[in-house]
1. Answer yes or no: is there a residue in segment A:221-239 that is under 25 Å from B:Gln227 (Cβ atoms), in contact (Cβ under 8 Å) with a residue 24 or more places away in the chain and facing another protein chain (nearest Cβ under 9 Å).
2. Would you check which residues across segment B:79-115 are surrounded by 24 or more Cβ atoms within 10 Å (Cβ to Cβ) and part of a loop (DSSP other than H, G, I, E, B) and list them?
3. Restricting attention to segment B:96-118, which residues are under 15 Å from the mean Cα position of the chain (by Cα) and within 9 Å of chain A (Cβ to nearest Cβ)?
4. Whether any residue in segment B:165-174 is more than 8 Å from chain A (Cβ to nearest Cβ), over 30 Å from B:Ser24 (Cβ atoms) and in a loop (DSSP other than H, G, I, E, B) is what I want to check.
5. Of all residues in segment B:145-164, how many are polar (S, T, N, Q), more than 7 Å from chain A (Cβ to nearest Cβ) and surrounded by fewer than 22 Cβ atoms within 10 Å (Cβ to Cβ)?
6. Which residue is surrounded by the fewest Cβ atoms within 10 Å (Cβ to Cβ), if the candidates are limited to segment A:169-213 and must be away from chain B (no Cβ under 13 Å), among the small types (Gly, Ala, Ser) and not in a strand (DSSP E or B)?
7. Return the residues of segment B:220-250 that are facing another protein chain (nearest Cβ under 8 Å), within 38 Å of the chain's Cα centre (by Cα) and over 22 Å from A:Glu282 (Cβ atoms); say none if nothing qualifies.
8. Can you go through A:Ser81, A:Ser12 and tell me which one is assigned to a loop (DSSP other than H, G, I, E, B) and surrounded by fewer than 22 Cβ atoms within 10 Å (Cβ to Cβ)?
Amino acid sequence: MSTLVIAEHDNSNLKPATLNTVAAANVIGGAVHILVAGSSCQSVADEAAAVEGIEKVILVDDSAYENQLAESTANLIKSISADYSHILAPATTFGKNVLPRLSALLDVQQISEITEVVSEDTFKRPIYAGSCIATVKSSDAIKVITVRATAFDPVNASGGSASVEPISADGISDLSSFVNEEIAQSDRPELTAASIVISGGRGMQSGDNFHLLETIADKLGAAVGASRAAVDAGFVPNDYQVGQTGKIVAPDLYIAVGISGAIQHLAGMKDSKVIVAINKDEDAPIFQVADYGLVADLFNALPELAEQL
Amino acid sequence: MKIVVPIKRVVDYNVKVRPLGDQSDVDLNNVKMAMNPFCEIAIEEAVRLKEAGTASEVVAVTVGKSDSQEQLRTALALGADRAILVETDSLLEPLAIAKALSKVIEAESPQLVILGKQAIDGDNNQTGQMLAALLNYGQATFASEISIDGDSASVTREIDGGLQTIKVSLPAIITTDLRLNEPRYASLPNIMKAKKKELDVQPIDAMGIDTAPRMELLSVELPAARQEGIKVESVEELVGKLKNEAKVIS
């Protein structure tokens, strides 16, 4: 039994969710290998080799994988899949894009976004926006799995000394090609990696008012998020979205401001260690999951909070 | 250009789903059903491409029980030209659904297939990508903007860090994210007209595909409940609690 973890990276650095995915692989047991497919990505392979407990890093350095598009990446993973009982990737937009394609190429039923490994073939995963947790047992020969990063504590990024084995590209596809990317530039931590997150909902009333949250975020070293309602209303871009169809976060402190607490939003944040809710509607469902609730007008409470931090 | 839009009948998003008493599955007795919200966005995009003169025909497809005809009628009322139900009494997994859809698409040979990025019941986010693999089509998932340019489509994708634009050769699979468009409501005259549109029912058994389940559902349970919290009276009290009790800020 051995597991292949697909590294998520930007050709220079390994993305942190990879370390949580390795943690899930360790619970499954057996040897763990990491695949680094990219372009001029030796530094990522070196980083992966240093991850604690990794036996081998497979490096495919080819311009075809610069943007890790689904078609070529899935073909490549398929070409080395025979050696593995499990293939794991983080349940990020990268993993969600590539792994189901691989799964169909291998004729196996993927297990999406697991939150617990029960045994080598049995896993827990949330369904219906996390209203229920299903325990499922897979009968496929190769288990193709995406992992919810927040459900597994990351392994150590150092202490390992895996070998790095370079292999050649295989199955390069020209069905799709990269045009450009607009990556949001921010001095604040990434939403999924931040230890404190402050999010705004429809109650913020406009995108301009998000500066009230940003002021507090900068004092706390926090990331700024939003509910789907705030994204739908055009206040902020979609990469702010926390919830069932956005990002899943589990920081030490989550501050929900002007968010009513629809089940779809709770799905993305209810595993946070401490939850604070600020809402002027005392009946808002968000208060049912909040450790500390403050019934107040956010336009008074936020400046006051900024002042006291 | 013909567009095929696969859709799914799911529990309405306002319903809070609970496990059955014996925890063998979720309790779906007497719950309100609806078209999956991301599928509405897919239908809307296809209809807009038709209204813009880019597409000539929009075909809605679903794989499910006979009662899924209700959601196909909704799709017809929203502007699809005709509909196909691949009928099965079994609850199929995404791989089996993708296989059934691939047979329909091989027969229809559209230039574009648009579907929702995920269904809000199983939250799997798999079918579109699997369908692309089975048909050997290119895929553009989580789309927030689509423009058709001859024999390719330029698609802006919602990715974790921001936006990515890719070009994909047609025919292709596109899956929708929530900012792609705002779906319309069906008007009463269009609901009436939809009743007369063609709805073809095809038995899944005639397709010659393996739909056997690969996963066994062992149990369904409620997630661990959070301990009840407290209400604080002021910002000052809140800051004090966060510093001294929860110790999450300093």
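The values are calculated or read from the model by the stated rules, or taken from the named source; none is laboratory data. Please read these numbers as outputs of a predicted model, since none were measured by experiment. Positions of Cβ are generated from backbone atoms using ideal geometry, with glycine treated the same way; all protein chains shown enter the neighbour counts.
1. Looking for residues that are under 25 Å from B:Gln227 (Cβ atoms), in contact (Cβ under 8 Å) with a residue 24 or more places away in the chain and facing another protein chain (nearest Cβ under 9 Å), one finds none in segment A:221-239, hence no.
2. B:Ala80, the sole residue that qualifies.
3. Of everything in segment B:96-118, those that are under 15 Å from the mean Cα position of the chain (by Cα) and within 9 Å of chain A (Cβ to nearest Cβ) turn out to be B:Ala98, B:Lys117, B:Gln118.
4. Yes; the residues of segment B:165-174 include at least one that is more than 8 Å from chain A (Cβ to nearest Cβ), over 30 Å from B:Ser24 (Cβ atoms) and in a loop (DSSP other than H, G, I, E, B).
5. Count: 2.
6. A:Ser206
7. Listed by number, the residues that qualify are B:Val220, B:Glu221, B:Leu222, B:Pro223.
8. Sole residue among the options that is assigned to a loop (DSSP other than H, G, I, E, B) and surrounded by fewer than 22 Cβ atoms within 10 Å (Cβ to Cβ): A:Ser12.
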